[in-house]
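Asks: Right, I'll just put the structure down here and ask away after.
Any read-out appearing in this document is the output of simple, stated calculations on the displayed coordinates, not a laboratory observation. It should be emphasised that the depicted structure is a prediction, and the values quoted were computed from it without experimental measurement.
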Ligand SMILES: [Zn+2]
């Protein structure tokens, strides 16, 4: 089953951080069925993503997510883009979050076989450019799981 797969961005973000966000979002949606982060603060030094989860992630789960992203980084896969029409996108993705007035053509960003989603942001060309992904803290409160991460480059 395809999971909700839209990253919305109003401003340019630091491409390595934003690309790491794609990888983590894709895996969170697959593992937990929680969709992609509903709130994101992506910055060069440190980023935060929030997900709706009914219980906190364990340390083991967090380490496993970290390993997943680093495996994708170490695999050094290519990031590619594809342009499709909105009607094609409706069949492949959850379009509930497409903004009003979005263009007829939308862009799908693929990170190898790791993730695909609709996104207008800026990305690395190859995953090795992301650097080592490290979850530095996490917090769960009232059904919201926050994951804070840094990149060591
Ligand atoms: Zn993106």
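Asks: Expected output is a single nm value to one decimal: the length gained when fully extending between residue 91 and residue 76, i.e. 0.36 nm times separation in residues minus the C-alpha distance. What is it? If you can, show how the numbers build up before the last one.
Replies: Numbers: separation 15, 0.36 × 15 = 5.40 nm, distance 2.94 nm.
Value of the extension gain: 2.5 nm.
Asks: Give the relative contact order (percent, whole number) for the stretch 15-152; include only Cα pairs under 8 Å separated by 6+ residues. Before the final figure, lay out the partial values.
Replies: On the way: 234 pairs, mean separation 46.1, N = 138.
Computed over the stretch 15-152, the figure is 33 percent.
Asks: DSSP beta bridges in the chain, what fraction antiparallel, as a percent rounded to 5? Don't jump to the answer; show the numbers that get you there.
Replies: Values: 30 of 31 bridges.
Among the beta bridges of the chain, antiparallel pairing accounts for roughly 95 percent.
Asks: Pairing the Cα long axis of helix 15-32 with the longest principal axis of the chain, what angle in degrees results, from 0 to 90 and rounded to the nearest 10?
Replies: 80
Asks: While we're here: Roughly how tilted is helix 59-74, in degrees to the nearest 10 and between 0 and 90, from the longest Cα axis of the chain?
Replies: The angle comes out near 50 degrees.
Asks: How much length, in nm to one decimal, is gained on full extension between residue 137 and residue 120, taken as 0.36 nm per residue of separation minus their Cα-Cα distance? Don't skip to the end; give the middle numbers.
Replies: Values: separation 17, 0.36 × 17 = 6.12 nm, distance 2.81 nm.
Result: 3.3 nm gained on full extension.
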